[in-house]
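Quick notes on the structure that follows.
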Amino acid sequence: MKSYSKITYVLHIALIEIRAAESLKKAQVFADVMHNVPMMLSNERSEPEIITEIMSKAKRQGVDQYFSKLFEKAEKS
């Protein structure tokens, strides 16, 4: 079984951010970045491949620094 510990950590935090968002725009940005992650996990794509996809979408949405920090924290956990 593949390990997706970094992905699941970041998904967990993103869902909390969506729930706690004070603006619809912020929730939409986080949802856009993360909405395909469950399908990628289901298709057993590699963790580095999923991270690359997340970071590409995060960069397009202007939240790449935030997601980079989340992945750094996930790496240390």
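The values are calculated or read from the model by the stated rules, or taken from the named source; none is laboratory data. Computed from a predicted structure; not experimentally measured. Counting neighbours? That spans all protein chains shown, and the Cβs are built from the backbone with ideal geometry, glycine included. Note: accessible area is taken over every heavy atom of the protein model, side chains too, but ligands, DNA and RNA are not part of it. Shrake-Rupley method; radii C 1.70, N 1.55, O 1.52, S 1.80 Å.
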Qualifying residue in segment 33-46 (condition: touching a residue at least 40 places away in the same chain (Cβ under 8 Å) and either of a type outside the set (F, W, Y) or in a helix (DSSP H, G or I) (or both)): yes
Residue check for M40: at pLDDT 95 or above, surrounded by 14 or more Cβ atoms within 10 Å (Cβ to Cβ), of a type in the set (A, V, I, L, M, F, W, C) and in contact with a Leu (Cβ under 7 Å, 6 or more places away or on another chain): no
Segment 1-28, subset not in a helix (DSSP H, G or I) and not charged (D, E, K, R), residue farthest from T52 (Cα to Cα): S23
Residues of segment 21-37 satisfying the condition of being open to solvent by 70 Å² or more (accessible area, probe 1.4 Å) and either over 10 Å from the mean Cα position of the chain (by Cα) or more than 19 Å from S56 (Cβ to Cβ) (or both): E22, L24, K25, K26, Q28
Pairs with Cβ under 8 Å, 6+ apart, first in segment 57-75 and free of Cβ contacts under 8 Å to residues at least 12 places away in the same chain and over 10 Å from F30 (Cβ atoms), second among the hydroxyl-bearing types (S, T, Y) and open to solvent by 80 Å² or more (accessible area, probe 1.4 Å): none
